[in-house]
Structures are given as C-alpha cells and as structure tokens.
1. List pairs: first residue in the range 52-76 and under 23 Å from VAL23 (Cα atoms), second residue among the basic types (Lys, Arg) anywhere in the structure, Cβ distance under 9 angstrom, at least six positions apart or on different chains.
2. Scan the range 75-84 and tell me whether some residue there is within 15 Å of the chain's Cα centre (by Cα) and either over 20 Å from ASN4 (Cβ atoms) or of a type in the set (Gly, Ala, Ser) (or both).
Amino acid sequence: MKINTYEYDEFKDFIEQEDPLIVIDSCVFLDYYRYSSQTSKEILEVLESVQDNIWIPHQVYYEFIENHKKVKKEQYNKYKNILRDINKYTD
C-alpha cells in the first residue's frame, strides 16, 4: 500500500485554498466514541466549520454502520474493566 505524505508547506497550500475538498474516513467518526467528550466536541466544531468542503464516501458510511456498535461496546467495557480492576486492587 502506498501512503502519500506531504511536506508542511504543501499541506498548508492545500488547506488554504478557497474550497479544499476534505474526505473523511470512517475512523474519524468511530473515534468520537474513543475520545473524551471535550475532544469530540472540539473535533465536531472543526468539522462544522468546514462542513461545505467535506465529502463522505458511501463506503465510510457503511463502515461506520458496521462498526459503531462494536466500538461503543469496547469503550463501555474499557471503563467497566477499569472499575473492576480498581475494586480488585482495593479489596
């Protein structure tokens, strides 16, 4: 798999265009469940500020629908397990 990387100046030129096209990957949306509520809020604010320039491919929507319940459950269990571990160590 080839990964494209850009120097800072190239990226800066791109993002400062009048109407850059921003393509969002499903991980961006799934990460809302992984981040703190404050971080999620800040990301959402940034996305809202460029909403007219965002394109979400159908595949991204499909992947989100397929994975969001699993990711939510993982995050819930992560905190549930922390509580279990804390109780175990304090006993």
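1. Matching pairs, first to second residue: VAL71/ARG34.
2. Filtering the range 75-84 down to residues within 15 Å of the chain's Cα centre (by Cα) leaves 75.
Imposing the further condition that a residue be either over 20 Å from ASN4 (Cβ atoms) or of a type in the set (Gly, Ala, Ser) (or both) reduces the set to 75.
Yes.
Quick note: the coordinates plus some simple rules give every number you see, no bench work behind them. Note that the structure is a prediction, hence the values are computed from the model and not measured. Positions of Cβ are generated from backbone atoms using ideal geometry, with glycine treated the same way; all protein chains shown enter the neighbour counts.
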